[in-house]
2 protein chains.
Amino acid sequence: MIDKKNITIAIDAMGGDFGAEPILEGLIQALEEVDFKPIVVGDRDIISSYMPQYYLDKVEIVHATDVIGMDEAATDARKRKESSIYKAIELVKEKKAHGVVSAGHSGATMALASLIIKRLPHVNKPALATLMPHKDRRKTLVLDVGAVTDCKPLNLYEFGVMGGAYAQEVMGIKNPKIGLLSNGEEDTKGNELTKEAFKLMQDIDGFIGNVEGRDIFTGNVDVVVTDGFTGNVLLKTSEGVAQAIISIMKQQINKSIPAKIGALLMKKRVFADLIKQIDYAEYGGAPLLGINGCVIVSHGKSNAKAIKNAIFQAINFASSDINKKIEETLIKHNNS
Amino acid sequence: MIDKKNITIAIDAMGGDFGAEPILEGLIQALEEVDFKPIVVGDRDIISSYMPQYYLDKVEIVHATDVIGMDEAATDARKRKESSIYKAIELVKEKKAHGVVSAGHSGATMALASLIIKRLPHVNKPALATLMPHKDRRKTLVLDVGAVTDCKPLNLYEFGVMGGAYAQEVMGIKNPKIGLLSNGEEDTKGNELTKEAFKLMQDIDGFIGNVEGRDIFTGNVDVVVTDGFTGNVLLKTSEGVAQAIISIMKQQINKSIPAKIGALLMKKRVFADLIKQIDYAEYGGAPLLGINGCVIVSHGKSNAKAIKNAIFQAINFASSDINKKIEETLIKHNNS
């Protein structure tokens, strides 16, 4: 464990959908709350124009002019050595930074992390993990949500180990319950992939067997393991349901004056809380697990609060023993 | 097309989680609204005890004493020839009924439908389809949600054809938009299965390419095609999100008096409407497509309203030309 105030985080200032402003604003908010060492990667003039001198004095800038656009292919990222995300990831490789946060092209970020920083020695595939709210006001970790579209059973086993380590070392859950997402709770349920993965995952401490989509939101399980295709569908379906419910309520509220008054009375106390519970900005970004370093992939549409929380995630991740824990568990499994 | 009042529907009175009562109550509600010919399959004494003579005069009873329990294996269903679901499905096979509704063991219902009624000649695998609400107050058809856990690309192609036919012939959507569920909208997105299915589905009238989980709830697409594993996860995740949102709101409402007053003002106008929109009882059951007949699989926990709506679904399905349409489309595809 490293003391948090000695943690250096590289922040890609350029890649997000809304440019450098929300990212630098998020960095300023983070600096107001926590003492750490930021390296901001991006166009020096743009960075200087958005950050007051007081904060500029607290950061190191690594100049980068190129930006990988959201509509570009991730496969070309390896050639873009002057891009902000390439340079930010290189800082982790060169041990100049403990971790990196980027709201840029997530495919490029994941590809470059594997290429430059490399995977942990005993990990076959990295996984992108996301936090989802559950009704007891805590969070469930779901992985993979988009790093590995076609998985093998061994990948899911590794995701279980990595998710368990994140829950323990970063989220502070002492004995995390780890479930395999399936089409039913019974041991016999599953598709060809999950049935094979189920056998391997029996070895994982805290493995509770098959879980269903609804368990993510009840708090019955701390870590939910699935392939990157299903995880991505699950994530976008959840967003869709939440948006549809809010939209249906809004339509009805606007149709009647008593309902409008009711909504006003509930606004601060109920709706603001609900939005906070389901707002991804509260959760920061998605940690990419299995990389020999700390990489946080933020949503392209991140606002300042989301970036601030992603930076906090990176600090917690980078100061933890998660990667050591993952390697130890996988080595033990290989030798057993 | 058959006139609806000449449609005969076999209703399995025995299989649901709550026994015969909600099923027979749903049947009575259906008879009050629509003229059709019901055959009730189950224990004659139980049926007679729950139905007033006025309604008993309108139904035919086929006596069956055995019930396949929810916890029994679907694989043994073929031996249970005296069970209510077996006898109900046999009525469709023998052309004594146009369709069947069962809230019993869904695995057994699907297995027996394939075994006894058989698939349509050009269909390789049947699919269970479900209706999901979207914010424009119409419904999106999602299939498969549990009939075929491990799919081949050809299965997904057939699901697209069958879903399109259901949307056209039963839901009355003239030119349904059919999408393939994927991890992104771009043509290049998908896993190995969906990438191959995408090529085959180009042939389907109304195919709009890849769609994401959130599109189900926006009304951008009428029919969403996926494998039975992913579809089942999607369904249960959606239920979980909706329940979690309602639960989070309830917790907050109970904490403050103004919020309680607000909730009261919104109760009838907003929350009742929301519950109605997301309540599966409003949607009836799940049609099993690709069978040479009409089979509606209802939720084991169906209340009377859900059964009533499932019966209406069966009447609409059985009086439509959907199966003729599916066969014509598949034959045309095979010859092209």
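The values are calculated or read from the model by the stated rules, or taken from the named source; none is laboratory data. Just so it is clear, the structure is predicted and the values come from calculations on it, not from any experiment. Cβ coordinates were reconstructed from backbone atoms using ideal geometry, including for glycine residues, and neighbour counts include every protein chain displayed.
If you check B:GLY300, B:GLY284, B:GLY240, which single one turns out to be more than 14 Å from chain A (Cβ to nearest Cβ) and not basic (Lys, Arg)?
Values: B:GLY300 fails: more than 14 Å from chain A (Cβ to nearest Cβ); B:GLY240 fails: more than 14 Å from chain A (Cβ to nearest Cβ).
Step by step, each of B:GLY300, B:GLY284, B:GLY240 is checked, and only B:GLY284 is more than 14 Å from chain A (Cβ to nearest Cβ) and not basic (Lys, Arg).
Hey, among the residues in region A:104-124 that are within 14 Å of chain B (Cβ to nearest Cβ) and over 12 Å from the mean Cα position of the chain (by Cα), which one's nearest to A:THR194 (Cα to Cα)? Walk me through how you get there before you give the answer.
We begin by selecting, within region A:104-124, every residue within 14 Å of chain B (Cβ to nearest Cβ); these are A:105-107, A:110.
This time we only want the ones that are over 12 Å from the mean Cα position of the chain (by Cα), so: A:105, A:107.
Numbers: A:HIS105: 30, A:GLY107: 25 Å.
This residue is A:GLY107.
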Completion exercise
From the option list A:ALA147, A:ALA167, A:ALA197, single residue qualifying as over 23 Å from A:GLU239 (Cβ atoms) and not assigned by TED's automatic domain parsing to the domain that holds A:HIS333 is A:ALA197
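Restricting attention to strands (runs of 3 or more DSSP E) lying wholly within region A:53-140, give those where 3 or more residues are surrounded by fewer than 20 Cβ atoms within 10 Å (Cβ to Cβ). Reasoning before the result, please.
On the way: elements: A:60-63, A:99-102, A:127-133.
Qualifying strands (runs of 3 or more DSSP E): A:60-63.
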Exercise for the section: Examine region A:182-203 for a residue that is over 27 Å from B:CYS151 (Cβ atoms) and hydrophobic (A, V, I, L, M, F, W, C), and state whether such a residue exists. Expected result: no
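In the list B:LEU330, B:LEU289, B:LEU235, which residue meets the criterion of being within 14 Å of chain A (Cβ to nearest Cβ), touching a helix residue (DSSP H, G or I) at 6+ places or on another chain (Cβ under 8 Å) and of a type in the set (A, V, I, L, M, F, W, C)? So that I can check it myself, show each step before the final result.
Details: B:LEU330 fails: within 14 Å of chain A (Cβ to nearest Cβ); B:LEU289 fails: within 14 Å of chain A (Cβ to nearest Cβ).
Testing whether each residue is within 14 Å of chain A (Cβ to nearest Cβ), touching a helix residue (DSSP H, G or I) at 6+ places or on another chain (Cβ under 8 Å) and of a type in the set (A, V, I, L, M, F, W, C) leaves just B:LEU235.
Here's the yes/no breakdown for (1) touching a Lys or Arg at 6+ places or on another chain (Cβ under 7 Å); (2) under 13 Å from A:GLU169 (Cβ atoms); (3) touching a residue at least 60 places away in the same chain (Cβ under 8 Å); (4) in the same structural domain as A:VAL225 (by TED's automatic domain parsing):
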site: A:LEU274; (1), (2), (3), (4): no, no, no, yes
site: A:VAL297; (1), (2), (3), (4): no, no, yes, no
site: A:ALA314; (1), (2), (3), (4): no, no, yes, no
site: A:ASP321; (1), (2), (3), (4): no, yes, yes, no
site: A:LYS325; (1), (2), (3), (4): no, yes, yes, no
site: A:ILE331; (1), (2), (3), (4): no, no, yes, no
Fill in the blank from the handout: If we ask which residues in region A:214-232 are crowded, with 24+ Cβ neighbours inside 10 Å and either at the interface with chain B (Cβ under 7 Å from one of its Cβ atoms) or of a type in the set (Gly, Ala, Ser) (or both), their number turns out to be 6
